[in-house]
Amino acid sequence: MKYPIGIQSFDQIIEDGYVYVDKTALVYSLVKEGKIYFLSRPRRFGKSLLVSTLKNYFLGRKELFKGLAIDELEKDWLVYPVFHIDFNGRNFLKGETLENVLQGYVSRWEEEFGLENGGLDVGDRFIQLLEKAHEWTGHRVVVLIDEYDKPILDVLDTNIEVTVDGNRMLLEEWNRGVLKGFYSVFKAADEHLQFVFLTGVTKFSQVSVFSGFNQPKDISMDGRYEALCGITQDELDYYFASPMTEMAEVYHYDAEGMRQLLKRQYDGYHFGPRLVDVYNPFSLLNALDAMMIQDYWFRSGTPSYLIRLLNHTRENLNELTGRYYETPEFVDYKADVEKPLPMIYQSGYLTIKGYNMRRNTFLLDFPNNEVKNGFLTMVASDYLKPRTSINNWVQDTVDTLQDGDTEKFRRLLTSFLSSIPYTMRRKENEREKERYFHYTFYLLMRLVSVYTVYTEKQQSEGRVDCIIETDHYIYIFEFKLDGTADEALRQIEEKGYALPYLEDERRLYRIGVSFSSETGTVSDWKVVE
């Protein structure tokens, strides 16, 4: 089986015999039921392949779609003029780059249609192109724009400035203005447009960028199109049953065991209230090709804009995950240093995990193990800057908790905390000191959550700092800063934190821990079985 890893051209996938997961029934529905669309999906999720599929469909290349769902649905196969703009592969950190890219596209199209630019700006020239293309071909025009927001994301929060007419301004705002002017042509040329489709990672800049024309129909959370990009469970079972069987032999699993391993590692994305499970296609195809479970998507690069944004939001991640939100809180608002949630969600590091129909709210959390472990490791490394390898510590801790060795866990935790430089944990007041230790433990425990891990779990009598459940053991932790382990244990008893587990057959440990703000590590530790 040939896997189209890194191949974004629909025609090349079909012509060269790569496996293609048929999305053309959804494509047909898309083109017949609307005109101007916007779709947000994380990077490497198949947006460019979708745009290429649409391009070949509107070019009337019927032979490429033979045997696919759309082959039986479409009867006319008309040929439309198609204008395709792709912002992928460009670096927009210089002031003139965006304008040069747009000028390049329009100049090439003008040459194809034999038009003169007439000294007009690039937007007016594009309007002229759309009008002439409609007139000369007899068909309205199709415009496809891939990664519409990249010129803004590249410079987001960089504070890079440019000089325009003698005035200094942020490059982020300049690029936003250029795009707004360019996209406004869709309103002026509406009568010449058959179909417009824009993809991107974020929706945050729509308010200002798209204000010049009628808002596109946002299908990012439309239940009908949740599986438009990515691979569903049914698609995995249908197209990739054979390689999954081969992979199961490599891992010495049965078929269902392999299926569940892939699911935990790469599945778990949901893009709407129907909660259709969607696998990350980049990681899944790489794993099936290499017959190896690795963090392919996360290792392919963390967007620089997200790293810059997270630098402003330390000690905030535990307050973002595992909560219900109304849609505007994570989709519609512009992401900034005060509100990082939309950017984290739209970039694919959080996803929908539940839907409350009565309240119309969505539960957000990490989609799968690949994203959770990679993201938390990145955040923890940047936040703590330990001299000890986080990955090695996590593996040792997982084994220790599985074995029920509380003393070894104490040594591992003490050693790791001791490896954190003093400058990383210095806080100005008692509240910040306590918050630092709580957040540090939150990061570390989420990293070992191959087990069931609850941090700050709400119970009837209070909030438990941490509970870890393994196959054979339950650990209930309570922490104190500059206190005693006895105080922590007394709180576990008085609040009845162990009561929900009285009938559980697993061995239960109550662990009181005191952290020292002076040494930055464990100062007192007691265990009651």
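The values are calculated or read from the model by the stated rules, or taken from the named source; none is laboratory data. On a predicted model such as this, the values are computed, not experimentally measured, just so you know. Don't worry about glycine lacking a Cβ; one is built from the backbone with ideal geometry, like all the others, and counts go over all protein chains shown.
General remarks:
- Note on the stretch 407-464: among residues that are of a type in the set (Asp, Glu) and in a helix (DSSP H, G or I), the one that is modelled with the highest pLDDT is Glu407.
- Within the stretch 241-269, restricting attention to residues that are in a loop (DSSP other than H, G, I, E, B) and under 16 Å from the mean Cα position of the chain (by Cα), the residue that is nearest to Met357 (Cα to Cα) is Gly268.
- Spans of strands (runs of 3 or more DSSP E) in the stretch 125-240 with at least 1 residues free of Cβ contacts under 8 Å to residues at least 12 places away in the same chain: 161-164, 167-170
- Residues of the stretch 270-296 that are part of a loop (DSSP other than H, G, I, E, B) and either in the same structural domain as Glu326 (by TED's automatic domain parsing) or charged (D, E, K, R) (or both): Arg274, Asp277, Asp295.
- Residues satisfying the stated conditions in the stretch 227-258, i.e. out of contact with any Leu (no Cβ under 8 Å at 6 or more places or on another chain), closer than 24 Å to Leu364 by Cα and either hydroxyl-bearing (Ser, Thr, Tyr) or crowded, with 17+ Cβ neighbours inside 10 Å (or both): Gly230, Thr232
- Residue pairs meeting the criteria (Cβ under 6 Å; at least 6 apart or on separate chains; first farther than 15 Å from Val185 by Cβ and assigned by TED's automatic domain parsing to the domain that holds Val178, in the stretch 97-123; second of a type in the set (S, T, N, Q) and crowded, with 17+ Cβ neighbours inside 10 Å): Leu98/Asn175
- Any hit, the stretch 13-33, residues being surrounded by 15 or more Cβ atoms within 10 Å (Cβ to Cβ) and basic (Lys, Arg): yes
- Listing of helices (runs of 4 or more DSSP H) fully contained in the stretch 10-123 that carry 3 or more residues being within 14 Å of Leu144 (Cβ to Cβ): 24-33, 47-58
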